[in-house]
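Trainee: My structure is below; once you've seen it, I'll send some questions.
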Amino acid sequence: MDAPGTPSFEQLRIFLAVVEAGSFAGAARRLNRAVSVISYGISNLELQLGLSLFEREGTRKPRLTAAGRAVLAEARTVTQGMDGLRARVKGLLDGMEAEVDLAVDVMLPAERLARVLRGFALACPTVSLRLHVEALGAVAAMVLDGKAAIGISGHLAIGIGELERVAAGSVVMAPVAAPDHPLSRMAQIPAGAGRNHVQLVLTDRSRFTAGRDFSVLSPRTWRLADLGAKHALLREGIGWGNMPLPLVQPDLVDGTLCRLHMPDQPAGAYRFFGIWRRDTPPGPGATWLLEQFCATGPDDAHGTLPDIGADPAGPAPF
């Protein structure tokens, strides 16, 4: 048996047009071709494949054969891939990046991140995205090292000369613990009480935070590089610690965590900044992301909470 030939992209377009229009004449109108050109294209496609794609007897309208239905799915895949290729090339010719590497602070609310990325998928459909979720100084380190084109970082990006930055909102941080934790059972927590209990502390291995602590009150600490693990250990009552309020809000509602009103560890606004290397300006896709993170990031604290991170050397509640 002879191997099938290779159909042209134009032949596949004609085939799909006939299927979608329901007739050779409809396909001719859709593609602005003569009906004879449509008929000739289908005949050549059938010769190339060695298959009959349409029933031609006993019907006034072209009806797909079993083989035609099988070929239809593959033809759609090929044409969609070609359309995607054309769109990608057009984007490159227009200056659009092929891929954007984005690093975001783990404190960034997941709902806000998802909302921005959903819009990015619609606005920049030809651009691939590589997302990195990091803690503390690791976001700035990734941007400085060229592993990410842009980042949404916490206040540790302030004061790094190689980076440009723009304000991108904030999230409220608050100390919490499980309901059976000793701090949760206190009617009024005295100053210094947190030092008597294990504090769960978020940490990372970037050069910007090596050997540094942020808002660590207790000499008894468990250090974790993963915010999800910290959340799980807090729920288990292993210690107390600061968490982004949107992440633990469901726990506060259902009682699996309690918000601690500690005089020496108050809630605060953890500020975000969009960052990029000064010598590597972001392209169109990365710029769109930065603009959206800034537009969707109004200050959640509404001026009612301490502004954590306004000073480069100031503490941040981790």
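The values are calculated or read from the model by the stated rules, or taken from the named source; none is laboratory data. Computed from a prediction, not measured in an experiment: that's the story for all the values here. Glycine also receives a Cβ, built like all others from the backbone with ideal geometry; neighbour counts cover every protein chain displayed.
Trainee: Among the residues of the stretch 117-139, how many are buried (at least 22 other Cβ atoms within 10 Å of the Cβ) and at pLDDT 90 or above?
Mentor: Count: 1.
Trainee: Conditions: (1) touching a helix residue (DSSP H, G or I) at 6+ places or on another chain (Cβ under 7 Å); (2) in a loop (DSSP other than H, G, I, E, B); (3) modelled with pLDDT of 75 or more. Residue 279 meets all but one. Number of the miss?
Mentor: For residue 279, the exception is condition (1).
Trainee: Under the condition of being buried (at least 20 other Cβ atoms within 10 Å of the Cβ) and touching a Gly at 6+ places or on another chain (Cβ under 6 Å), which residue from the stretch 154-188 is modelled with the lowest pLDDT?
Mentor: Filtering first and then ranking leaves 156.
Trainee: Checking the condition within 30 Å of residue 201 (Cα to Cα), out of contact with any Pro (no Cβ under 7 Å at 6 or more places or on another chain) and either modelled with pLDDT of 85 or more or in a strand (DSSP E or B) (or both), which residue from 47, 113 passes?
Mentor: The conditions single out 113.
Trainee: Residue 79 - would you say it is over 30 Å from residue 156 (Cα atoms), modelled with pLDDT under 85 and surrounded by 14 or more Cβ atoms within 10 Å (Cβ to Cβ)?
Mentor: Details: over 30 Å from residue 156 (Cα atoms): yes; modelled with pLDDT under 85: yes; surrounded by 14 or more Cβ atoms within 10 Å (Cβ to Cβ): yes.
Criteria met by residue 79.
Trainee: Could you look through the stretch 142-153, keep only residues that are surrounded by 24 or more Cβ atoms within 10 Å (Cβ to Cβ) and touching a Ser or Thr at 6+ places or on another chain (Cβ under 9 Å), and pick out the one that is nearest to residue 201 (Cα to Cα)? Talk me through it step by step, then tell me what you get.
Mentor: Start the filter on the stretch 142-153 by keeping residues that are surrounded by 24 or more Cβ atoms within 10 Å (Cβ to Cβ), which leaves 143, 148-153.
Next, from what is left, pick out any that are touching a Ser or Thr at 6+ places or on another chain (Cβ under 9 Å): 143, 149-150.
Values: 143: 24, 149: 28, 150: 26 Å.
Residue satisfying both the conditions and the ranking: 143.
Trainee: Next up: Note down all Cβ pairs under 7 Å where the first residue falls in the stretch 230-257 and is farther than 20 Å from residue 270 by Cα, the second is hydroxyl-bearing (Ser, Thr, Tyr), and they're at least six residues apart or on different chains.
Mentor: 235/256
Trainee: List pairs: first in the stretch 1-28 and within 18 Å of residue 49 (Cα to Cα), second modelled with pLDDT of 85 or more and assigned to a loop (DSSP other than H, G, I, E, B), Cβ under 7 Å, 6+ apart or cross-chain?
Mentor: Between residues of the stretch 1-28 that are within 18 Å of residue 49 (Cα to Cα) and residues that are modelled with pLDDT of 85 or more and assigned to a loop (DSSP other than H, G, I, E, B), the close pairs are 2/50; 4/50; 15/53.
Trainee: Restricting the search to the stretch 56-74, which residues are of a type outside the set (Lys, Arg) and exposed (fewer than 14 other Cβ atoms within 10 Å of the Cβ)? Give the steps one after another, and end with the answer.
Mentor: Going through the stretch 56-74, the residues of a type outside the set (Lys, Arg) turn out to be 57-59, 62, 64-68, 70-74.
Once the filter is applied, which keeps residues that are of a type outside the set (Lys, Arg) and exposed (fewer than 14 other Cβ atoms within 10 Å of the Cβ), the stretch 56-74 yields 57, 58, 59, 66, 70, 73, 74.
Trainee: Could you give me the residue pairs with C-beta distances under 9 Å whose first residue belongs to the stretch 42-56 and is touching a residue at least 24 places away in the same chain (Cβ under 8 Å) and closer than 17 Å to residue 13 by Cβ, whose second residue is surrounded by 13 or more Cβ atoms within 10 Å (Cβ to Cβ) and acidic (Asp, Glu) wherever it lies, and which are 6+ apart or on separate chains?
Mentor: 53/46; 54/46
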